[in-house]
1. Measuring from centroid to centroid over Cα atoms, what is the spacing of the range A:611-639 and the range B:60-130 in Å?
2. Let me know the Rg and Dmax you get for the range A:404-501 when you use only its Cα atoms, in Å.
3. Can you tell me the dipole magnitude for chain A around its Cα centre, using point charges on the Cβ only (Lys, Arg +1; Asp, Glu -1), in Debye to the nearest 20?
4. Determine one quarter of the surface area of the Cα convex hull of the range A:648-788, which equals its mean projected area, and express it in nm² to one decimal.
5. Compute, for the range A:102-152, the length of the dipole vector about the Cα centre, with Cβ point charges of +1 (Lys, Arg) and -1 (Asp, Glu) only. Units Debye, rounded to 20.
6. Which parts of the range A:383-411 would a label at A:Lys776 reach, counting a residue when its backbone N lies under 19 Å from a point 7 Å out along Cα-to-Cβ?
7. Taking each pair of different alpha-carbon atoms in the range A:630-729 once, compute 1/r for the pair, average those values, and report the inverse of that mean as the Kirkwood hydrodynamic radius in Å to one decimal.
8. Between A:Glu588 and A:Lys497, take the C-beta separation as r, use R0 = 22 Å, and let me know the FRET efficiency to the nearest 0.05.
Amino acid sequence: MEPRTSPEIGGMGHSMKRKEDARFLRGQGKYVDDVKLPGMLYLDIVRSPYAHAKIKSIDTSKAMAIPGVLAVVTGELLKQYNLHWMPTLMSDTQMVLPVEKVMHQGQEVAAVLATTRYIAADGVQAVEVEYEPLPVVVDPFKALEPGAPVLRDDKPGRTDNHIWHWEAGDKAGTEKCFNEAEVTVKQDIYLPRINVASIETCGCVAHFDKTDGKLTVWMTTQAPHAIRTVFALVAGHVGLSEEKIRIISPDIGGGFGGKVPVYPGYVIAVAASVLTGAPVKWIEDRMENLSAASFARDYHITAELAGKKDGTLQALRFKTVADHGYTDAAANPSKFPAGLFHIATGSYDFKSAFIEVDAAYTNKPPGGIAYRCSFRVTEAVHAIERMVDIFAHELKMDPADLRQKNFIKPEAFPYKSPFGFEYDSGNYAGALDLAKKRIGYDELRKEQAEKRARGELMGIGISSFTEIVGAGPSKHYDILGIKMFDSCELRIHPTGKAIARFGTKSQGQGHETTYAQIIAEELGIPAEHVAVEEGDTDTAPYGLGTYASRSTPVAGAAGAMAARKVRDKARKIAAYLLEVSEEDLDWEPGKFSVKGSPSKSKTIQEIAFAAYTNHPQGMEAGLEAVNYYDPPNLTFPFGSYICVVDIDKGTGQVKIRRFVAVDDCGNIINPMIVDGQIHGGLTMGLAPAMYEEINYDADGNIQGGSLMDYLVPTSMETPAWETDKTCTPSPHHPLGAKGVGESATVGAPAAIANAVVDAMWHLGVRHIDIPITPPKVWKILMEKGVAE
Amino acid sequence: MKISVNVNGTPREADVEPRLLLVHFIREVLNMTGTHIGCDTTSCGACTVLLDGRPVKSCTVFAVMANGRDVMTVEGLEKDGKLDRIQDGFHQEHGLQCGFCTPGMMMTGYSLLKNNPSPSEADIRWAISGNLCRCTGYVNIVKSIQHASQKPAQ
């Protein structure tokens with residue numbers, strides 16, 4: 001799309017350099033750990049070495065004897081205020097600090113409050129806890145077996161570890177289709193537990209001012225407004241009233257979904273500040289972060305497809321066991337316990353589909369946040385894209401041809417999926433065609449055939465994903481009952497400059513730039529003169545925050561709608577100033593002019609000045625607007641990715657030779673920022689595909705609790721990503737935009753896995769669970785007798 | 001222990017515990033918060049500063065080890081109100097998103113260009129391999145350092 005505005009205005013389509021860079025480049029960003037208040041105390045947490053154990057005693061005497069240790073907070077203390085348990089976002093319960101027993105390794109057991117960070121850590125070492133180990137359940141299948149130890153015996157009447165069953169689609173119709181199908185394929189696919197591992201860990205500074213009873217919390221949160229309401233609801237009984245709670249989400253060092261939930265550490269810090277009246281800082285260290293918070297996935301999927309011998313796909317059936325750890329603290333819209341997993345039919349026109357999920361408690365930390373994706377979308381996309389490849393290979397069809405044959409056609413949009421989603425727009429064939437052209441698909445297939453004849457292993461993998469973002473329409477989407485709208489409050493100053501405040505919170509996405517460009521697009525005020533603020537609940541309008549790629553689809557739309565309200569008023573003022581009727585005015589970005597005599601015009605700056613100095617009698621002065629945007633639908637970005645790999649038969653190492661990503665996120669606000677989002681998203685697709693995994697041994701000990709063991713990709717492993725775009729605007733979004741931050745994380749793992757399996761299909765390899773590590777590949781090469 | 005560290009050209013004196021980490025000395029004693037902490041285990045590189053001109057991870061250096069030595073942090077890059085070429089490179093090529101790894105990444109890039117004025121892409125990728133970034137996928141960080149390498153050093 002060609003920009004409609006000049007570079008000076010900098011509306012949509014301009015690769016405007018980022019406004020937020022000025023402070024980050026100088027080391028002047030303000031992150032939570034940079035907050036330092038007079039008299040501030042430091043909190044550090046004692047954590048459980050056991051995955052399941054009774055707490056027999058906690059002896060704090062040695063810790064309290066250390067000069068500078070002021071208090072040790074325990075579950076017993078919090079119990080006096082009924083704050084030892086808290087609700088999760090999915091209305092389950094989670095311990096703030098335990099009274100009876102611990103349920104996972106790394107769980108918070110007690111907290112030490114001290115005058116310095118180092119003394120607090122000394123105090124943690126000195127707290128003596130006596131445990132009595134209990135039987136540990138780490139396997140969700142075993143957890144669901146009859147006779148398994150009941151982990152949540154705190155819940156009266158509970159006799160098993162089954163949390164919920166959820167299903168969607170047409171069970172009988174799908175079964176009939178499978179029974180009558182010419183071809184069926186079936187595969188177990190596991191998406192292991194992973195951790196978002198943002199480079200900034202979680203933390204907060206809580207400051208309860210006893211004088212006025214006001215609580216201010218600087219907090220690593222992606223959703224400050226919802227957090228304020230949760231605090232008011234959970235701690236209202238101890239006197240916290242919502243007007244006296246201020247949540248400030250300052251600069252955030254990466255979120256990726258990990259900073260959506262409320263973790264016990266935040267609550268303990270708030271409680272400690274309320275009890276002492278002093279500001280209290282709690283900052284997770286990396287091992288705490290990797291062992292207790294921010295976990296995603298852990299989905300065991302049995303996937304099946306049915307279709308015809310000519311490659312026509314007909315039916316889909318997924319049966320899934322979800323390992324949630326000891327509580328369901330997933331971050332999903334409340335009506336959807338498995339999130340948007342039912343996007344599983346993807347880009348293909350299935351006749352019928354059925355999907356079911358059973359969730360289990362285990363002795364692991366709470367899981368189920370989204371690792372840079374909307375609510376279980378990666379799980380769904382990985383399964384469907386793997387299965388389509390398996391189906392194609394079984395029929396000896398080219399996976400690209402099979403996809404083209406089954407894609408939902410461009411003229412079929414808006415398309416109603418078998419699970420009831422209405423896809424807004426798409427051109428899947430166009431994206432795949434472009435990706436094939438960019439990578440030279442046909443030549444690569446020829447090269448692969450030649451190499452295979454020589455015994456070399458080369459693979460080509462495709463992923464043609466459909467994303468689902470921008471939650472969501474209030475009819476269906478809420479978090480703890482709060483509808484998933486988002487908001488913008490826009491004020492135009494007398495000199496024609498603006499401030500726009502939003503209910504979201506950037507964690508690196510560049511909102512200060514992108515949102516300013518949206519206002520610039522709609523009003524013609526140069527983006528450099530639009531200040532953007534968010535993250536402070538005392539000043540920003542209420543919104544549900546930034547996750548699930550919802551900032552542009554929801555808050556960005558609110559910005560456009562608020563600007564249009566301002567423009568409507570500006571038109572009235574312009575008509576008054578130019579002494580014509582409103583209908584006689586033409587708008588172009590930045591000014592109204594009289595139809596037929598364009599020299600008679602008023603700029604938005606002149607109109608803004610008049611709004612405060614010469615407004616029409618009978619009209620309110622000022623020029624501002626608020627919009628709470630309730631999206632009519634979700635948006636459905638999509639793309640086609642193609643990955644080429646070469647496998648070293650000596651070591652099992654997979655080398656990504658090339659990776660072409662064609663994305664379609666509708667109309668683009670800032671192409672530079674969109675490309676940056678895709679690069680980062682691809683790298684967080686590569687990570688779980690090849691490196692990242694958090695396992696537990698039979699005793700519930702974490703394997704992968706440090707960055708030595710949990711392999712976040714470095715610059716050496718990360719390929720030089722190649723990106724391209726098609727553009728299919730969203731018909732219902734005011735700007736035609738769709739959201740893009742997570743598409744690549746959703747789409748990339750399947751392209752990589754498909755490429756590796758494609759390289760070895762002729763050896764009889766049908767599937768490899770991610771992460772595809774050299775030892776896994778090497779073992780297969782040994783089994784197939786081709787290792788060198 | 002009393003130490004004197006020359007930080008960005010200014011001598012800074014303090015009485016510190018022997019166990020105090022250099023990163024905490026910089027952030028909490030000197031109140032210069034541009035240097036970040038991402039892991040405490042020398043894995044992520046968010047805390048990278050230059051010690052006598054060489055990049056070190058300041059979470060794994062004691063403050064007392066910097067006694068009598070030169071430390072350069074992100075706050076020392078800008079000179080006379082003018083951004084260093086490495087800062088400008090990151091801005092021009094969109095080499096940063098959340099900004100958390102950026103100070104460490106720029107210090108590593110700054111040091112690379114001192115020692116290798118015209119690095120190849122492979123040189124750059126090797127040099128920054130001790131600095132993790134979760135946002136950018138490194139593509140634009142490589143371009144940022146290349147961009148800086150084409151400008152004269154200050």
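Every read-out reported here was derived from the displayed coordinates using simple, explicitly stated rules and does not represent laboratory data. All figures in this text were calculated on a predicted structure; none of them were measured in a lab. Positions of Cβ are generated from backbone atoms using ideal geometry, with glycine treated the same way; all protein chains shown enter the neighbour counts.
1. Each part reduced to its Cα centre gives a spacing of 43 Å.
2. Over the range A:404-501's Cα set, Rg and Dmax evaluate to 22.9, 74 Å.
3. It works out to roughly 560 debye.
4. With every direction weighted equally, the projected area is 11.3 nm².
5. 180 debye
6. A:383-391
7. In the range A:630-729 this quantity evaluates to 16.2 Å.
8. For R0 = 22 Å, the calculated efficiency reads 0.65.
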